[in-house]
1. Once you have a ≥ b ≥ c as the square roots of the Cα gyration tensor eigenvalues for the range 710-769, tell me rounded if a/c is under 1.5, and otherwise prolate or oblate according to whether a/b is larger than b/c.
2. Using the Cα centre as the reference, give the magnitude of the dipole from point charges on the C-beta atoms of the range 915-955 (Lys, Arg: +1; Asp, Glu: -1; all else neutral), rounded to the nearest 20 debye.
3. Any chance you could list the semi-axes, whole Å, largest first, of the equivalent ellipsoid that the Cα gyration tensor gives for the range 709-829, using √(5λ)?
4. Roll a 1.4 Å probe over the protein heavy atoms and report the accessible area of VAL799 in Å², nearest 10.
5. For GLU79, GLU729, GLU753, what's the largest-to-smallest order of accessible area, 1.4 Å probe?
6. Would you please state the base-10 log of I(q)/I(0) at q = 0.12, 0.19 1/Å for the range 759-891, with intensities from the Debye formula using one equal scatterer on every alpha carbon?
7. Dividing the convex hull volume of the Cα atoms of the range 337-462 by its residue count, what figure in Å³ per residue is obtained?
8. Given +1 on the Cβ of Lys and Arg, -1 on the Cβ of Asp and Glu, and no further charges, what dipole in debye does the range 714-773 carry about its Cα centre, rounded to the nearest 20?
Amino acid sequence: MDGIKGKFMDLLHKQANRQMIPAMGFSDYFIQNVTENKSADATSSRKKASGEDGGGGIADECDSSEASSSQKSDQEILESITDIYFQPDSNADMYELQKVLANGVDYGLIETTMMQLRTQHKVLSKQVLQNILEQRSACNVEFTAINEIQKELEESLWTCRKARSYLNYAKQNLTTTSLEILASYRKREILKELLNTLQAIKKLKSTDVEVQKLLSDCNYSGAISLLLSCKDSADEFMQYNCVQSLNKKLQETLLLTEFQLDTVLNEMILNFDMRKYSKLQEAYKLLNKSLIAMDQLHINFISAIHSSVNSVLRGYNDPNIDDNFKLLYEQLCEQVEADKYISCLISLCKTVWTILSSYYQIVIWHQNYKLYPLDMPESPDNYIQEKLKKGQSRIWNDILTKICIFLQSSKLRTLKYDQFIQVLSIIQRLKKVGQEFCGENSEKLIETMQLQSEEFFQRYHVCCLEEICLFLDNESWTVVDSFANILQLPEFRSIRHSLRRHKTPPGLMVTTNTLSVNNSPTSNNNCDELVSVHSQDGGSSIYGSYGYFLRFSEKSSPFDGGLDVAMLEEDILSGVVDEASCYFSEEDAEESDDDHKSLQSKDFCDDSPGAANGQQLIVNNTTLNVFRCIGRYLQMCKLLHCISPKIVSSMLELIDFYAYAVHEIFAKDSPVQMETLYAPKLEQKLELVSQKVVPNIKIWPLNFSSLINNELANPDTLYGLSQRIVATESGHCMTQQFQILQSYLNHLLPISERPMLTSYFQYIRFMNDLAKPVYTCVTSRVFDLPAILAMMAKVKWDVNHVSFQHNGYIDIMNRNIQNFAMRLEEIAKDINIPMEPVWNSVAHVATHLLVEGFSNVKKCSAGGRALMQLDFTNFMSILELISNQKFPEHRQYVDIYIKAYYFANEQFEEWILEQKQQEPAQYSTKQLMNLIQCVCVSDKKVRQKLLNLLGSSSSSTTNGGSNLNISLSNITTPNAAANATASTTTSTASS
């Protein structure tokens, strides 16, 4: 080794003393010689050109060749060199020989070629030399760099020698003890590594026990972390056979742990635990399966809905059914008995509430806690949020499908009213749950409930009509004591304060023709428009605004509270008042009796028919039953707003049917014809009830023969006048009490349906029109109509002088009036008599009786007309004195007929034309024809002309007819009589 080093150092020294790179022909001497040769060549060239050299032969040729070639530039000569000379593997000699000897030996060509090659070689050499000279400075720089590298190599060599000397010193001074220490340290490190390996294997072996302990403590993330760390540790020791088997066991344990996580995740559906769910999400995050777990969670929710509702229905089915016989969900719904229907519905709602509540809390948890960093691109939290949002609608639609199928069961139609109202209450709460859960209006649920409600309500409405018929059949037509207002009835309890807020102003109750289309208060009740009137729970209150999901948990639900009627009165807003929405809790409205009476007297009793004069309201049992039916209908409107137009229309049918029944019982026994006594709207209303309502009642017509034969035909009781008064005044009280609901009913109806109610209230006084034919059945018997007509026919009306004594038939009519007044006083001891309509009916019958008698006169003079006026004036004075009332319309009705005798021919003709065109007719055709014959007895031409105006010949007027049923067939209202002839009255006729 030392010899080699010495030789290497000698070599370096020798190289240092020598020139590192040869001159390679680039020395100054070489450059000088080349320059001199160039000068000599140039001189010889000039001599040859001037002819100084006299030689010839080949030298001359060469010189001439060189001279010709010198004419070319160096660049052209370089470009003329063949490419083969620049190729490393080419044989230039053979190339030139082949080119010269290709056509034989040509010495001239050979010389020329040689001279050309010498010229090319000279130019090429000159060019190479020039390039070398140009690169000399770069070569010097490169030599300088080589020298620096040589110095660095010498320094490296010195460093290596120094290191070797140090190593040699360490080798000489290292002892055996030091080597033993190093060996011991190495052994210790090996043993520590072995111990760590054994401890890791031991931990791997005990992992299963620790994992189960963590799982039992619900520390799922800790269990997953332990398993994953052990799995990573096992991968480091896979060279051991025992670790390979442990790794396989760890993999199985991990799979079992994931299965247990799925099981606990499924438990969250029916029993949500925030602490467990948080640990579950941490565990799934460690497994990198958060998204898969969310998909699995939604599948579990859908499956839980189907399994839960089926389980509930099986619990209410017949236990004798074979469990192995699998029934479809629709079949399970049909198997539920009617008496268990509501309890089953409540159980279904509670079950789905548990599921919805858990899902809602899961949504809230993911809104409050983020599993991944916010700055993470495409964070899985966004997918989870979107998945939960879509899942809300899907889960709610699945629940709606199940509930709607259950509601479509035929058992729903067989429920009683209270049970159906309870179903409506449950459905309303379920609808609100859906709105809070996913913001949907549950149109499918409302549509299904609307169809079921329409079918149920149609059947229930017919039952109510038949119930009213039963009351009518057993009605005693007596006044019910202690009735002051409809709010006394328990059916109106739930809407008492709603009616108070929507109280119809008295002005609207009196002048119904001024109602607007909206018919809603514009001053004090606008705030209530913000509240849904069919809200069972008053969700707009302070406490209710938090919603069901914040007020209840999965262990309590809005559907708790029992299965009896008490649920109808339940109000979750007890003790809470929301002034902004004008909502008042009905539970908070539990006043004492004194408060309740005070409320009635203050808000409503002032509008009652007897409130102004302190009279008791006249109602009977049938009217009270109609009120109760209306109260129940209002409860249905409150809970099922979608069919409120149908329900309100049915309320109107109840009232109209009562009026129709009163007409059928008390207005059919009149001894005179009363076709024209009915107002057109009243006739239309009665006809509508007869066509649309009565055909639906199976038990109609009822048998009222005992009442008609006993009371209504008994003159001792004034032909059942007290019963007739109770019937008509109860109906009148019913319409007035119904006006209290006017504003509230408008609030229930959509705007498009309100004109129907407005039109009804514009003719709410129809009971007044119905009272006319009812009372006429009594008042037409006050007078002996045939006898009085016979007495009037015997009076001589063609007298020439004016008598100062009235005729005897007037005395009889006056005595009849006095007797009737005394009978009324007896009846008034038991019942309040509406004097105005009763005496108005008496005046109506009496005046039409007089006109009928006056129209039967064949001959009449001016004195006879004055006698007629005297008789009539005497009778009306007695009638007004006894009745203490005035009858201007009836007085005018008779006056016009009497004073028509004094009209001039033209004026009389105009009056006849007006009477012919008037609708309804004021006087009958027979009465007008007889009047024409009396007036025109001496002028046959004018008489025939006027008779032709009436559309009949004079031959048809020969017999006037004295039958009262025919004569009084055109009894009309006094208002029509007064308004028809006001324009034709003359001042000369009264003298």
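1. On the way: a/c = 4.99, a/b = 3.57, b/c = 1.40.
Note, shape of the range 710-769 comes out prolate.
2. Values: 6 positive and 2 negative charges, 35 e Å.
Rounded to the nearest 20 debye, it is 160 debye.
3. Values: eigenvalues 391, 81, 27 Å².
Gyration-tensor ellipsoid for the range 709-829: 44, 20, 12 Å.
4. 30
5. Working: GLU79 130, GLU729 40, GLU753 70 Å².
Of GLU79, GLU729, GLU753, the descending order of accessible area is GLU79, GLU753, GLU729.
6. Per q value, in the given order, log10 I(q)/I(0) is -0.52, -1.08.
7. Numbers: hull volume 11.8 nm³, N = 126.
Dividing the Cα hull volume of the range 337-462 by its residues yields 93 Å³.
8. Values: 4 positive and 4 negative charges, 24 e Å.
The calculated dipole for the range 714-773 is roughly 120 debye.
The values are calculated or read from the model by the stated rules, or taken from the named source; none is laboratory data. No experiment lies behind these values; they were computed from the predicted model shown. Cβ atoms come from the backbone with ideal geometry, glycine included; neighbour counts cover every protein chain shown. Ligands, DNA and RNA are excluded from the accessible area calculation, which covers all protein heavy atoms including side chains. Shrake-Rupley method; radii C 1.70, N 1.55, O 1.52, S 1.80 Å.
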